[in-house]
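Structure record follows, encoded as structure tokens.
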Amino acid sequence: MPTPVLDCRDLRKRFGSRTAVDGVSFSVAAGETYGLLGPNGAGKTTTISMICGLLGRDGGEVVVDGRPIDVGSTDAKAAIGYVPQDLAIYPDLSARENLRFFGRLQRLSGRVLETRVGEVLELIALSERADDRTSEFSGGMKRRLNIGIGLLHRPRLLVLDEPTVGVDPQSRNAILSSVADLGSEGLAILYTTHYMEEAERLCDRIGIIDEGRIRAEGTRRELVGLIGEKDRVTLVAGGSLGPAARALASVERVQEATATDGRIELVVEEARSLLPRILQEAAAAGAVVRSVEVVEPDLEAVFLHLTGKALRD
Amino acid sequence: MTALTIARVNLLRMLRDRTGLFFVFLLPVILIVVLGTIYGGRVAPRLGIVAGDRGPLAMDLEAALRSGDLRLEILEVPTATELRDRVERGVLEVGLVIPTGYDVTLRTGGTATITILGQQASLLSALREGVAAAVAEQSARIRAARLAAQRGDATFDTALITAGDIQGTLPGVSVTVATAGERLFPESAGAFTLGAQSQLILFMFLTSMTAATQLILTRQLGVSRRMLSTPTSVATILAGETLGRFAVAMVQGLFIVVLSAAVFGVDWGDTIAAGLLIVAFALVGTGVAMVIGSFANNADQAGTVGVFAGMVLGALGGAMVPIEVFGEPLRTIAYITPHAWAIAGLREVAMRGGGVAQVLPQLGVLTALGVVLLALGAWGLRRALTRG
Ligand SMILES: Nc1ncnc2c1ncn2[C@@H]1O[C@H](COP(=O)(O)OP(=O)(O)OP(=O)(O)O)[C@@H](O)[C@H]1O
Ligand SMILES: [Mg+2]
């Protein structure tokens, strides 16, 4: 594995008698999107604040792009693009002025700055409203600008703290797909959320965090595997269902196959990869498949299993 | 340089705020005009009279003053000592003493002396003319009456009644003009000068207080935290925010100085001395703003505390009503406020021709206070920024 862009080890933070982060370690590689999934108060923001050098820590180490990060490590912070959970923009300045201001703080200037501001405005689809005060923006537009500011200086690591909170479904979709694009361009992304669907959709790997600790980590598949639940596949079909079910039961990684009234129910490992094979076998055995439904156990179930509580209250 | 970027954004935001603009640019002008008009004496000055004599001639003079075209508000004061005190404190603009035995002295052919007290020379000379006119009119009749009485045509009283129209040159009354105590507002103090100095101090401070609210909002908006996520050190952020607030106070200060000088002819005196005082006071305002902005919990709280501080300190420090109007011990207590020091310094420079050397005490006090407050504010902001 190449050296990770972000490597944090054993992070700890206490606020008075409350331990907010209690030994968090993980790393994120270039081009990888890592999700921190956890409920309110799990310690996501506190972890991120230590990673971005906003908050002193009680223990642990953060290395970004090969350089240690601390509150005082000014230069090393240039590798990070931080998008805070709460909007951090000046409401009385325009989108362009906000971008320019933070661009200057990122040590951009002159033509480079102007070009980059233009590009980011384009990227967050705010070129048309660039010179309006942000106080006149919709919630989704403000969120987009909030993210755009984090991208100005082309960071190596993009840290997004619940970027879709309070955003309408449409803007949310737009945000998610642009994050996905950024990930595919080679940016290392750390994404926190308490929305399971977002973590599932975006993240290559997910750390499940609760009460300041990472309870489990891995790909969605690995996490689901932890609780030993299998995928369920339902084929709605006509033709000879009995023989088809028997044929399917003998396929490797298919654990159960039963024919019922107009459908075949299967319990399989990794339905996604097995699906072509299943359809092929069913057809060969004389079943005419009309529709397929796959139900994979979700992270909600994993979270419940690991912590004994629901992800959202 | 990053500090300058942060400072500049602060200024930009101040210029964007429309209500803020009213308070910064319009209200001071309105108040300078209003107060300039009042101090300029277009409102009736108060004249205190000590009537040391209740004789008909004394009463007659008083009546002449009341009905004359001086447009004075006339108040009776029991003793000359009290009159002097009130004039010194500015409760009365001018005082007039009609001496004991005025009536008798005049009837017996002697010369009675009327004393006029006042602080402002311009006011005194105007009043002197008015009083002199009333006195001249009376003395003309007295002289004629004396003449008539000497001829034995009539008694002094009947002669006085009939002698009203006779003109003459023999004076019976002399008028003495005196300045009460130390001359507080010398002649050079134009109509607007007094108002402009207190306005400057009052508004520089109040404007700094709105900057405190801005600082809180910046913190609440998470913008300062975001700054910390960029390659910008805590020290630079502190410097930028401080410089921003200092710039805001200075813009306010320079606006009032330049405008009042250009439009209302206010003379601020020695440029360097006045400039240094303004810079020192801007430091104090910035310091207070940083302290409030770092320690207050929310913008509303900062706003309330800031305006309250601005008003109370302004009132106590003589930025609303001149400190000279206060009695003791308030006049001494006033010097716990930076306002009183700043105004005293500015007056020294503008009205008594003071230079840097003459205002060193004020500069020292203001600078020291400013530095202490700034250090405290920077410490508080650093704490607020890095605590999470
Ligand atoms: N500045 C602070 N002072 C005291 N306690 C704090 C502070 N910041 C966070 N905490 C506490 O630390 C714990 C973790 O908070 P954190 O904000 O990291 O959670 P989170 O996972 O980001 O939650 P959310 O999803 O609600 O944003 C919480 O119990 C919180 O109350
Ligand atoms: Mg959070």
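The values are calculated or read from the model by the stated rules, or taken from the named source; none is laboratory data. These numbers were taken from a predicted model, which means no experiment stands behind them. Every residue, glycine as well, gets a Cβ built from its backbone with ideal geometry; the counts of neighbours run over all protein chains shown. When the accessible area is computed, the model is the full protein with side chains, heavy atoms only, and any ligands, DNA or RNA have been set aside. Shrake-Rupley method; radii C 1.70, N 1.55, O 1.52, S 1.80 Å.
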- In straight Cα distance, which lysines are under 27 Å from A:Lys230, not counting same-chain residues fewer than 8 positions off? A:Lys309
- Along each of the three principal axes of the Cα atoms of chain A, give the extent in whole Å, ordering the values from largest to smallest. 72, 48, 38
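Enter the per residue convex hull volume of the protein assembly as shown, computed from alpha-carbon coordinates, in Å³ rounded to the nearest integer. Before the final figure, lay out each step's value.
On the way: hull volume 149.2 nm³, N = 701.
For the protein assembly as shown, the hull spanned by Cα atoms encloses 213 Å³ per residue.
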- Considering the alpha-carbon set of the stretch A:39-195 alone, what are its Rg and its Dmax in angstrom? 15.3, 46
- Query: Under 16 Å from the Cα of A:Lys13, which aspartates and glutamates turn up, not counting those fewer than eight places away in the same chain?
  - Reply: A:Asp22, A:Asp58, A:Glu61, A:Asp70, A:Asp210, A:Glu211
- Taking Cα pairs closer than 8 Å and at least 6 residues apart, the relative contact order of chain A in percent is 20 percent
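What does DSSP give for the protein assembly as shown in terms of the percent of beta bridges that are antiparallel, rounded to the nearest 5? Please list the in-between numbers first.
Numbers: 45 of 79 bridges.
For the protein assembly as shown, the DSSP antiparallel bridge percentage is about 55.
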- Query: Which distance in nm do the two modelled labels at A:Arg9 and B:Arg387 give, with both placed 7 Å along the Cα-to-Cβ direction?
  - Reply: 3.2 nm
- Task: May I ask you to derive the FRET efficiency for A:Val295 and A:Ser240 from their Cβ-Cβ distance with R0 = 25 Å, giving the value to the nearest 0.05?
- Result: 0.50
- Just the Cα atoms of the stretch B:312-382, one point each, no solvent: what log10 I(q)/I(0) does Debye give at q = 0.13, 0.23, 0.26 Å⁻¹? -0.43, -1.00, -1.11
- Item | Efficiency of FRET between B:Val263 and A:Ala283 - r from beta-carbon atoms, R0 60 angstrom, step 0.05 | 0.05
- Message: For peptide B:12-21, what's the mean number of Cβ atoms from other chains within 10 Å of each residue's Cβ?
- Response: 2
- Query: Do the sum for chain A: with -39,500 (n - 2.57) for every DSSP H run of n ≥ 4, divided by all residues, what is the mean residue ellipticity at 222 nm, to the nearest 500 deg cm²/dmol?
  - Reply: -10500 deg cm²/dmol
- Task: Whole number in Å², please: accessible area per residue of the protein assembly as shown, 1.4 Å probe, ligands, DNA and RNA not counted.
- Result: 43 Å²
- Query: B:Ala273: net charge of surrounding residues, Cβ under 13 Å, Lys/Arg +1, Asp/Glu -1, itself excluded?
  - Reply: -1
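Considering every residue in B:229-240, what mean count of other chain Cβ atoms within 10 Å of its Cβ is obtained? The partial results should precede the final answer.
Details: counts 20, 16, 13, 7, 6, 3, 2, 2, 1, 0, 0, 1.
Rounded to a whole number, the mean comes out at 6.
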- Note on the structure: Membrane-span-like helices (DSSP H runs, Cα span along own axis at least 24 Å, mean Kyte-Doolittle at least 1.6) in chain A -> none
- Note on the structure: As straight-line cross-link partners of A:Lys142, the qualifying lysines (C-alpha separation under 26 Å, not fewer than 8 residues apart within one chain) are A:Lys44, A:Lys77
- Query: Once the Cβ-Cβ distance between A:Ser184 and A:Thr219 is put in as r, and R0 is 25 Å, what FRET efficiency do you end up with, to the nearest 0.05?
  - Reply: 0.90
- Query: Working out 0.36 nm times the residue gap between B:Arg8 and B:Leu21, then minus their Cα-Cα distance, what length gain in nm do you get to one decimal?
  - Reply: 3.0 nm
- Task: Using a 10 Å cut-off on Cβ to Cβ distances, tally the other chain neighbours for every residue of A:85-93 and report the average as a whole number.
- Result: 6
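Starting from 0.36 nm per residue, how many nanometres of slack lie between A:Leu306 and A:Ala30 once their C-alpha separation is accounted for? Kindly include the intermediate steps, with their values, before the conclusion.
Details: separation 276, 0.36 × 276 = 99.36 nm, distance 2.87 nm.
The span from A:Leu306 to A:Ala30 would gain 96.5 nm if fully extended.
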- Message: Give me Rg/Rg_expected for the stretch A:214-290, where Rg uses Cα atoms only and Rg_expected = 2.2 N^0.38 Å with N residues.
- Response: 1.21
- Within the stretch A:155-177: backbone nitrogen closer than 17 Å to the A:Asn40 label point (7 Å, Cα to C-beta): A:162-167
